[in-house]
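Below is one structure, written out as C-alpha cells; comments come after it.
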C-alpha cells in the first residue's frame, strides 16, 4: 500500500465516528434554533417531560418532524448519488441526472395547477417520478442491452423534455400559484409530509445496498474487470438503477428538487479517504442527512420569520464546495 493510501485509510477511521456523531448534533441544533429561541432544558422537557407547553408544540409538532424529514431527504439523495456515480461511471452524476425530478415536478405542478390537496400532490409527484424511471429505462433499453452511456444520454433528453413541460405549466399558471410552485421547484421542506415513510425507505434502501458493497467496489474498476471477477454486471446495473431511482423519487416527493447533496457528498467522502462502499454507503447517508438538516435550519432561521427554500441554501453551499473539491482532485492527478 502506498504511503498516501495508508494516510487516507488511517484518516477515514477517525472521520467515520465524527460523521455518525454529526447526525444527532445537527438534529439537536435544528430543535434549538429558530424564530422561537429554546434552550437545552426546554428541548429536553419537550421531548421527555411536559407535552402541553409552547416548547412542546414547537419541538414536537414543528421542528422535529421537519428535521427528520430533512435528514431522510438528505440521506436518500446522498445514497442515490453514490449509486448513480458507480452506475454511470461518471463523477458528475447526481440523483436527478436521469430525469426523475423532472417527472416528479410535472406531477406536483399539475396538482397545484388543478388545486388538488397535499395528498394528491405527493402521490402525483411520486407517480411522475416512476413514470420518468420507466420511460428512461424503456427508451434506453430499446431492443438490445442498454449501456451506461445510452442510459445517461436518454436521461438527459427525457429531463430536457420534462423541463419544457415544466416551463409550459408555469407559463399558464395563475399568479396565486406561482409562489408555491417555484418554492417546490427550488426544494422546500415547509410542507413536507410526516417523516416516517422517508425514514423507512432510507433504512430499507441502505439495507438493500450494503450486500452489494463488495460488487460496487469491483465495478468501480470497470465492467470488464468486474465480469472477469464474477460480478453479474447486467443484473447489478439494473438493481442500482431501480434502487437509485426509487430513492430519488421518494426524496423529491418529500422536499422537491434539492440540488448538490447527491453530487457533493460522495465526492467529499471519497476525497477524505472513504472509498470502500461498505463504509461509503452508510457514511453518505449520515453525511447527506446531516447536511440537509443544517441547511434547512439556516433556511428557516436566517431571515425569520420569512423562510427560504432549502435548495437555495444547498446551492450556496454546494457550488463553492464542489469547485474546491474539483480543484483538489485536479491537483492530485
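The values are calculated or read from the model by the stated rules, or taken from the named source; none is laboratory data. These figures come from a predicted structure and were not determined experimentally. Counting neighbours? That spans all protein chains shown, and the Cβs are built from the backbone with ideal geometry, glycine included.
Considering only the range 100-121, state which residues are assigned to a loop (DSSP other than H, G, I, E, B) and modelled with pLDDT under 85.
The answer is 115, 116, 117.
Got at least one residue in the range 173-180 being surrounded by 16 or more Cβ atoms within 10 Å (Cβ to Cβ), within 23 Å of residue 98 (Cα to Cα) and touching a residue at least 24 places away in the same chain (Cβ under 8 Å)?
The answer is no; no qualifying residue exists.
What tally of residues in the range 299-318 results from selecting those that are in contact (Cβ under 8 Å) with a residue 12 or more places away in the chain, in a helix (DSSP H, G or I) and closer than 19 Å to residue 262 by Cα?
9
Within the range 148-169, is even one residue surrounded by 15 or more Cβ atoms within 10 Å (Cβ to Cβ), part of a loop (DSSP other than H, G, I, E, B), touching a residue at least 12 places away in the same chain (Cβ under 8 Å) and touching a helix residue (DSSP H, G or I) at 6+ places or on another chain (Cβ under 8 Å)?
No, that holds for no residue.
Of the residues that make up the range 65-76, is at least one modelled with pLDDT of 85 or more, surrounded by fewer than 24 Cβ atoms within 10 Å (Cβ to Cβ) and farther than 19 Å from residue 186 by Cβ?
Yes, the range 65-76 has at least one match.
Kindly evaluate residue 315 against the criterion of being buried (at least 24 other Cβ atoms within 10 Å of the Cβ) and farther than 18 Å from residue 67 by Cα.
no
Of the residues that make up the range 193-216, is at least one farther than 23 Å from residue 278 by Cα and modelled with pLDDT under 90?
Yes, there is a match, as at least one residue in the range 193-216 is farther than 23 Å from residue 278 by Cα and modelled with pLDDT under 90.
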